[in-house]
Amino acid sequence: MKEKLCEAAALPVPHPGETVTIVADVRWFSVGAYAVQNIDGCEQSVAYLSQKLLPNQMKWSTIKSGICCYMCIAEVVHKYYWITYSDLF
């Protein structure tokens, strides 16, 4: 059990050109999202985001918070692709 807890969990490397699905959860106090991609026939998380909202952001509508959340996770995925694959091109 100790060994399993000490092992670092690693996200798989996303595959460019493949569809990325973003799943989000928006609460009045926080947002969370993860990007999922079908890798080798299995859905796997390739990026994630969790953020507590600031007091002024807590006043936003759920729609506005959700849009902000989707934009943030899309930016995370985009940056990861750029860093991972920029040397290939």
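Side notes on the structure shown:
- Close pairs from the stretch 19-33: first closer than 16 Å to Ser61 by Cα, partner hydroxyl-bearing (Ser, Thr, Tyr) and in a strand (DSSP E or B), Cβ under 8 Å, at least 6 apart: Ser30/Ser50; Val31/Ser50; Gly32/Tyr48; Gly32/Ser50
- Scan of the stretch 25-70 for residues that are within 27 Å of Val13 (Cβ to Cβ) and more than 15 Å from the chain's Cα centre (by Cα), ordered by number: Ile39, Asp40, Gly41, Cys42
Read-outs throughout are calculated quantities, based only on the coordinates presented, and are distinct from any laboratory measurement. Model, not experiment: these values are computed from the prediction. Heads up, the Cβs are rebuilt from the backbone with ideal geometry, glycines too, and the neighbour counts pull from every protein chain shown.
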